[in-house]
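None of the figures in this text is laboratory data; all of them are computed from the coordinates on show. These numbers were taken from a predicted model, which means no experiment stands behind them. Cβ placement follows ideal geometry from the backbone for every residue including glycine, while neighbour counts extend to all protein chains displayed.
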Amino acid sequence: MTALHVEEAGSEGPLLLCLHGIGSSSAAFAPQLAGLSATARVVAWDAPGCGRSPDPPGPVDLDGYADAAAGLIRGRGGRAHLLGVSWGGVIALRLASRHPGLVDSLLVADSSPGSGRDATAAAGMRARAAELAELGPRLFAERRGPRLVSPRAPQALVRRVVDAMAAAVRLPGYAYAAESMATANLCPELPKIAAPALVLCGDQDRITGIEASQTLAGGLRKTAYVIVKDAGHLANQEQPERFNAWVHSHLRITAHLPE
């Protein structure tokens with residue numbers, strides 16, 4: 001696959017690979033690139049067909065996204081801690097299942113086992129591509145973006161989320177990502193994932209919701225579960241200080257960082 005666009009910060013410590021949600025990009029991890037670079041080597045990708053990464057030559061399934069992320073890890077030393085938000089969490093979990101030797105630990109935020117568990121959810125996921133084609137990136141982002149944060153989120157954050165989505169989404173990449181979610185059901189493979197995991201969820205997540213995160217936490221073998229107060233689906237952006245504190249705590253334990 002053609003080289004992907006990444007944003008990087010930090011030169012010391014463990015590798016933390018950040019994987020964004022559908023309709024997003026590395027811009028989603030600006031608070032982590034800024035706030036965790038003293039703790040880790042933070043790398044945030046634009047997934048194939050998203051943001052500033054090139055379009056793939058053809059459809060990419062969930063395994064293909066996981067393999068692309070695995071390539072970034074191999075190119076930077078061979079092991080990483082994975083921070084996945086929403087769809088990025090699904091990719092991270094598949095990567096941990098498919099390439100266990102590359103994954104030191106998992107941080108899975110506001111995610112789910114995939115939309116393939118439910119026919120209605122899968123159909124809704126697939127319908128997003130037609131919505132994008134009809135509305136175009138800007139109107140699509142203005143319709144979807146505000147729901148990604150809590151009702152009381154600052155308007156400046158809402159604007160940043162909408163602007164970042166409008167700049168990141170396009171076809172066919174968005175359709176490939178949506179299809180990878182529509183066909184995903186990670187429930188059978190969760191118990192086989194050996195990497196220690198921290199599952200986080202905003203208490204006001206209106207997209208995947210608390211129940212989906214609880215399903216992940218209950219299915220994984222080595223896991224802790226955290227509710228992030230006063231945050232919607234993008235907890236890492238809406239409550240970055242609280243979120244980053246949990247990431248640092250997790251890395252301190254799993255990567256044996258100093259106090």
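Couple of notes before you dig in:
- Residue-count net charge about Glu131 - beta-carbon cut-off 11 Å; Lys, Arg +1, Asp, Glu -1: +3
- Note on Ala245 and Ala167: the extension gain reaches 25.2 nm, defined as 0.36 nm multiplied by sequence separation minus the Cα-Cα distance.
- Segment Arg98-Lys192, length gained on full extension (0.36 nm per residue, minus Cα span): 32.8 nm
- ³J(HN,Hα), Karplus 6.51/-1.76/1.60, whole Hz, each residue of the stretch 33-39, x for Gly, Pro: 4, 7, x, 10, 5, 7, 9
- For Arg52 and Arg143, the FRET efficiency from 1/(1 + (r/R0)^6), where r spans their Cβ atoms and R0 equals 25 Å, is about 0.60.
- 5 angstrom amide H check on Val103, placed H, neighbours 5+ away: Ala80
- Amide H within-cut-off set for Val226, under 5 Å, with H built and near neighbours excluded: Val199, Leu200, Cys201
- Candidates Leu95, Leu251, Pro240 compared by Cα position along the dipole of the chain: farthest toward the positive end lies Leu251, with charges placed on Cβ.
- Look at Ser112, Ser25 and count the other Cβ atoms within 10 Å of each Cβ; fewest to most, that gives Ser25, Ser112.
- Note, ³J(HN,Hα) from phi for the stretch 52-67, Karplus 6.51, -1.76, 1.60, rounded to Hz, x at Gly and Pro: 9, 7, x, 5, x, x, x, x, 10, 8, 4, 4, x, 5, 4, 5
- Residues considered: Met181, Met165, Met125. Largest GNM mean-square fluctuation over the chain, using C-alpha springs under 10 Å, is found at Met125.
- Spatial separation of Cα centroids for the stretch 33-53 and the stretch 193-223, in angstrom: 22 Å
- Relative contact order (percent, whole number), the chain, Cα cutoff 8 Å, 6+ residue spacing: 21 percent
- Estimated 222 nm signal from helices in the chain, with DSSP H stretches of n ≥ 4 weighted -39500 (n - 2.57), rounded to 500: -13000 deg cm²/dmol
- Dipole moment magnitude, nearest 20 debye, the stretch 15-160 about Cα centre, only Lys, Arg, Asp, Glu C-beta charged: 360 debye
- Share of Cα-Cα pairs in the chain lying beyond 29 Å, as whole percent: 20 percent
- For the stretch 116-259, the Stokes-Einstein estimate of translational diffusion at 25 °C and a viscosity of 0.890 mPa s comes to 146 µm²/s, using the Kirkwood hydrodynamic radius over alpha-carbon pairs.
- Each of Asp55, Asp205 has some number of other Cβ atoms within 10 Å of its Cβ, and from fewest to most they run Asp55, Asp205.
- Residue of Gly89, Gly71, Gly23 that the Gaussian network model of the chain assigns the largest fluctuation, springs spanning Cα pairs under 10 Å: Gly71
- The tail of the calculated P(r) for the stretch 186-259 beyond 18 Å holds 44 percent of all Cα-Cα pairs.
- Arg76-Ala224 FRET efficiency (beta carbon distance; Förster radius 35 Å; 0.05 resolution): 0.85
- Of all DSSP beta bridges in the stretch 1-146, antiparallel share, percent nearest 5: 20 percent
- Backbone N within the stretch 157-184 under 11 Å of label point (7 Å from Leu135 Cα along the Cβ vector): 166
- Working note: Karplus 6.51/-1.76/1.60 with θ = phi - 60° gives the stretch 231-240 the couplings 9, x, 5, 9, 4, 5, 9, 7, 10, x Hz, where Gly and Pro are set to x.
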